[in-house]
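Heads up: the structure comes next, in structure tokens.
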Amino acid sequence: MEQLFDIGETRGSDATPDADAPLAVRMRPRSLAELVGQEHVLKEGSALRTAIESGRPHSAILYGPPGSGKTTLARIAAAGAEGAFEEESAVNAGRAEIRAVIERAKERRQTSGRQTVLFLDEIHRFNKAQQDALLPAVEEGLLTLIGATTENPYFEVNSALLSRCQIYELRPLDPEQVKALLQRALSDPERGLANPPPVDPRALEMLVDRSGGDARVALAGLERAVEHAGESEVDIAAIEDALQRKALDYDRDGDRHYDFISAWIKSTRGSDVDAALYYLAVMLEGGEDPRFIARRMVILASEDVGNADPQALLVADAAANAVDRVGLPECAHNLAQATVYLALAPKSNASYKALAAARGEVRANGAKTPPDYLRDAHYPGAKKLGRGEGYRYAHDEPDGVSDQSLMPEELGDLRFYAPTDRGFEAELGRRWDALRKRFRRAS
């Protein structure tokens, strides 16, 4: 079998996977030509591609979800480099292992002038002291560091080390890219599956959907499914057995997509937390985009919870931010926490209804001009037109509230907002009633 690394020395790598290695290891791309996905950082002429093709990789941190190609890309970079490649995992390595790597790098430089590329997987697992141990070697160019992490490096890696590395964010593979990898494994007898049985296209699509853009999950699932099927066709049952998950009738682009988000919204609105969690689970198991779910949470927080619990919007927004920061599979926990909070929060759609009523008034009768004392008075000549004259500054009034009428005169005492007596909104209702009486006395 062809060597993965055409360099003089490798440490800690499965540079030459044998026939008994897992399919995902055997099918690991050995060059940029074989790599699938990540075109946004590897397009022709890009800094990363140019560095790899020239054999002079720079220190970098590859940040992305599992199975997106971080390790593969690091090894491709090392394979073309004019030097030695060392690989460590921050899960197992400590300061002693890093010091040993640095000593070997010094020896290479002194004896042969060769550079050393260090691939450090799970770099976010290193604490500050361990990261600091790397800094001088990276700073003076003794080591070319390629770190890999599923966590946002701006939160997990020392700023001093970050400043000496280029950050590249890798993306989950899209379904077509995962499918291409699976088809490659089925058609490559040397590195892939030897004499595989036929595969039901529906089963292949299910495996693609369930992989979540993770090439390792997809290839491992295919390998187990083929073993399960023997000489028979690889069908949905074989994929279910391989993944230990039942097939779902779920179409992210069709009716089921809307059916289940609708059920989630109505269950959360109806305060049935178990039903809401069930529909959330269906969507996640069906491969729904978690960002879509998070957007609906943010909308529901204002539309259905509203000021009965103003914290709900903060919780939903925090969950949406966590989805972007963490990604699947871990962000499922953030979505679950937000679902529980939203379902059990007191509900009010009063602000939603108030806006609808106000917009209805504008559409039916047009926009009425504000009183002159509320109109813009900053431009030359505004005072001659009476703009701003007579305006009473609220902060100078008792309790910080003016009893001056602020509605257009034609609308009089028209009311849009009708607070409920639920949760915090009950307090807002009492305050609004008192204020309206004050406004009415003034008018």
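We did not get these values from a lab; they are worked out from the coordinates using the rules stated. Since we're looking at a predicted model, the values are computed, not measured. Cβ placement follows ideal geometry from the backbone for every residue including glycine, while neighbour counts extend to all protein chains displayed.
Between the C-alpha center of region 135-197 and that of region 417-432 there is a gap of 53 Å. With a simple spin-label model that places each label point 7 Å from the Cα along the Cα-to-Cβ direction, the separation between Glu409 and Glu107 comes to 9.4 nm. Proximity of backbone amide H atoms, modeled 1.01 Å from N, is registered between Val234 and Val199, Asp200 at under 5 Å, excluding neighbours fewer than 5 places apart on the same chain. Of the residues Pro65, Pro370, Pro172, the one that moves most in a GNM of the chain with alpha-carbon contacts below 10 Å is Pro370. Multiplying the residue separation of Arg202 and Glu139 by 0.36 nm and removing their Cα-Cα distance gives an extension gain of 17.5 nm.
Remark: the Leu435-Asp396 segment gains 12.4 nm on full extension, using 0.36 nm per residue and subtracting the alpha carbon distance. Projected onto its three principal axes, the C-alpha set of region 30-83 covers 28, 22, 20 Å, listed from the longest axis down.
Dividing the mean sequence gap of close Cα pairs (under 8 Å, 6+ apart) by how many residues the chain holds gives a relative contact order of 11 percent.
Judged by the mean number of other Cβ atoms found within 10 Å, the most tightly packed of the peptides 291-298, 330-337, 110-117, 69-76 leads the ranking 69-76, 291-298, 330-337, 110-117. For region 10-169, the orientation-averaged shadow of the C-alpha convex hull comes to 9.2 nm² (one quarter of the hull surface). Stretching the chain fully between Gln183 and Ala418 yields a gain of 78.6 nm (0.36 nm per residue, less the alpha carbon separation).
Put simply, when 89-96, 349-356 are sorted by average Cβ atoms within 10 angstrom per residue, most first, you get 349-356, 89-96.
Report, in listed order, any pair from Lys179/Lys266; Lys106/Lys128; Lys353/Lys383; Lys106/Lys179; Lys43/Lys179 with a Cα-Cα distance greater than 32 Å. Over 32 Å apart, Cα to Cα: Lys179/Lys266; Lys353/Lys383; Lys106/Lys179.
Ranked by the mean number of other Cβ atoms within 10 Å of their residues, highest first, the peptides 418-425, 160-167 fall in the order 418-425, 160-167. For region 175-243, a Kirkwood hydrodynamic radius built from all Cα pairs, placed in the Stokes-Einstein relation at 10 °C and 1.306 mPa s, yields a translational diffusion coefficient of 138 µm²/s. Helix-only arithmetic for the chain: the sum of -39500 (n - 2.57) across DSSP H runs with n ≥ 4, divided by the residue total, places the mean residue ellipticity at 222 nm at -14500 deg cm²/dmol.
Please determine, in degrees from 0 to 90 and to the nearest 10, the orientation of helix 175-187 with respect to the longest principal axis defined by the Cα atoms of the chain, where the helix direction is its Cα long axis. Value to nearest ten degrees: 20. Evaluated at q = 0.16, 0.25 Å⁻¹, the base-10 log of the normalised Debye intensity for region 350-442, with identical point scatterers placed on the Cα atoms, takes the values -0.86, -1.28.
Counting charges near Val305 (Lys, Arg +1; Asp, Glu -1) among other residues having Cβ under 12 Å from its Cβ returns a value of -1.
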